[in-house]
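Below: the structure, in structure tokens.
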Amino acid sequence: GTDLTPAEAQAYAAQGVQWVAIKCSDWANGPMGNPDYPAQAKIVADAGMRYLPWAFIESGGNEALQIETAWKAAGSPPSGAPMICDIESAVNVGIVGRTLASYGLVWACTTWADPQVHPGAPSVGQLADIGCSAFMPQSYYSAMSISPAGAIQMAVTDYGSLGLGSFARPLLPLVDGPALLTAAQACKAAGLTGISAWRYGSNGITPAAFQGVGQVFGTAPSLPTYSLAAPTVVSQLSSPTDPWDACGEACVASVVTDAGLPQTPGEVVTWALANNDAASNGVTTAQNLVATLAHFGIQAAEVQEPLAQSIPTALSRSHEIVVLVTSDSDGNPTTPGVAGHWLLIWGESSGGYKAMNPLSNPAGQLDTYPVALLQACDQRDAVEILYVEPKDGGQPLTPPSVPTLSTGTDYALPDGGHVTFS
């Protein structure tokens, strides 16, 4: 509810906080986006935590506009991205569900289902019955009295479909560490995977209140990890031209190969270097890689976020991602490094990122690099492959058919003209 400073974000992360839901809309003043969302997202990611957009939706006949405003304020997340919506009293549930589905969002609803607590709020059953494919009824509230003798009330929330697990949120303010620790211990005993806390002004949970809470759920991070099937290994040194400038192109060649297209890695790299790269200075940009992928019929997008955010986000959608890091002359990630180097990331492991390194020593191999190392080398520039490859459950791409043109035949053009080949 209130903005985090970089120091506060680091303090929360140090106590084991792993996720932050950032407000992306201001329901109190009508459909208004939160202009601080991008800066807050960066602060959270820089602290090594992950974030989700959190929209407040209330009645007023403009629910669709509220959702649109929140979606835009959150940076227009792509289809399949998660969003948490806090559904207030007397909203039009059908409009909410249809609007969220139109954006392709995977969303969870937080609402009070007890009319005695929150009169007019939609029930969990109503939310589950809207028939929206993007709606996942994974957020349900049920009062849970925990020690001492019901003094602390909890709302149990299951965000399993979003990768957060099952956790609890205090119904009553827990402004001190002992109370939050007691609640965390009860959550652990009940089989939950975490606890969430409300931060709003002076009544919010401070970083100090989380002292010991992280240890209750395990000192090691318990964030979900994602791994795809290993990609085709491509050595950039196999390029017939400019091999030392072909790291990004080699990563693209791996993607093209795994998409089931007929071009060989060498053909892909040769075309990219000849047609689509900044040959004057040897620098391959993210825009170059996106354009090369588009040439071969593969959609991709540049992502300028810390890799602590961009990598898990892409992998959670079964997308590979090409990231830019600093490296030594052999392509090994290092800081400060002597050059920028592209790596193809295809998975996570305990404390590491799985990468196809087109250089390294020997050139072209699969490596796992510590998360802390890649974060230190992070250039905050990446290309997410917006396509699920066959090796990861997607469909192979079909090369476009090229018609056979005959000499002496008149062909009609789309603009109304004609052409004859001789």
If you go through T284, T292, the only one that is open to solvent by less than 40 Å² (accessible area, probe 1.4 Å), modelled with pLDDT of 80 or more, over 21 Å from V388 (Cα atoms) and more than 22 Å from the chain's Cα centre (by Cα) is T284
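Rundown of residues vs (1) at pLDDT below 90; (2) under 20 Å from Q304 (Cα atoms), yes/no style:
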| residue | (1), (2) |
| --- | --- |
| I345 | no, yes |
| S349 | yes, no |
| N357 | no, no |
| V383 | no, yes |
| E389 | no, no |
| P396 | yes, no |
| P403 | yes, no |
| D410 | yes, no |
| D415 | yes, no |
Within the stretch 245-268, residues open to solvent by 10 Å² or more (accessible area, probe 1.4 Å) and either touching a Lys or Arg at 6+ places or on another chain (Cβ under 7 Å) or under 15 Å from W342 (Cβ atoms) (or both) come out as D245, C247, D258, P265
Of E8, E58, the only residue that is of a type in the set (D, E) and modelled with pLDDT under 80 is E58
Restricted to the stretch 316-333 and to residues being part of a loop (DSSP other than H, G, I, E, B) and either crowded, with 17+ Cβ neighbours inside 10 Å or among the small types (G, A, S) (or both), the residue farthest from the chain's Cα centre (by Cα) is S329
inquiry  = If I filter the stretch 348-359 for residues that are hydroxyl-bearing (S, T, Y), open to solvent by 30 Å² or more (accessible area, probe 1.4 Å) and in a loop (DSSP other than H, G, I, E, B), do I get at least one hit?
reply    = yes
Residues of the stretch 360-389 being in contact with a helix residue (DSSP H, G or I) (Cβ under 9 Å, 6 or more places away or on another chain), at positive phi and in a loop (DSSP other than H, G, I, E, B), in sequence order, are G364
So, first residue without any contact (Cβ under 8 Å) to a residue 24 or more places away in the chain in the stretch 318-344, second residue among the polar types (S, T, N, Q) and surrounded by fewer than 23 Cβ atoms within 10 Å (Cβ to Cβ), Cβ within less than 6 Å, six or more apart or across chains; the pairs are D328/T334; V338/S329
Filtering the stretch 316-343 for residues that are under 19 Å from D46 (Cα atoms) and at pLDDT below 90 leaves a count of 2
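Residues Q375, Q309: which one is out of contact with any His (no Cβ under 9 Å at 6 or more places or on another chain) and open to solvent by 30 Å² or more (accessible area, probe 1.4 Å)?
On inspection, the qualifying residue turns out to be Q375.
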In the set A47, A39, the lone residue that is open to solvent by less than 40 Å² (accessible area, probe 1.4 Å) and closer than 22 Å to Q375 by Cβ is A47
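Is there a residue in the stretch 222-239 that is more than 23 Å from M356 (Cβ to Cβ) and either open to solvent by 40 Å² or more (accessible area, probe 1.4 Å) or modelled with pLDDT of 85 or more (or both)?
Checked against the condition, which is being more than 23 Å from M356 (Cβ to Cβ) and either open to solvent by 40 Å² or more (accessible area, probe 1.4 Å) or modelled with pLDDT of 85 or more (or both), the stretch 222-239 yields at least one hit.
The values are calculated or read from the model by the stated rules, or taken from the named source; none is laboratory data. Everything numeric in this text was worked out from a predicted model, so none of it was measured. Counting neighbours? That spans all protein chains shown, and the Cβs are built from the backbone with ideal geometry, glycine included. Quick note on the areas: whole protein, heavy atoms, side chains included, nothing else; ligands and nucleic acids left out. Shrake-Rupley method; radii C 1.70, N 1.55, O 1.52, S 1.80 Å.
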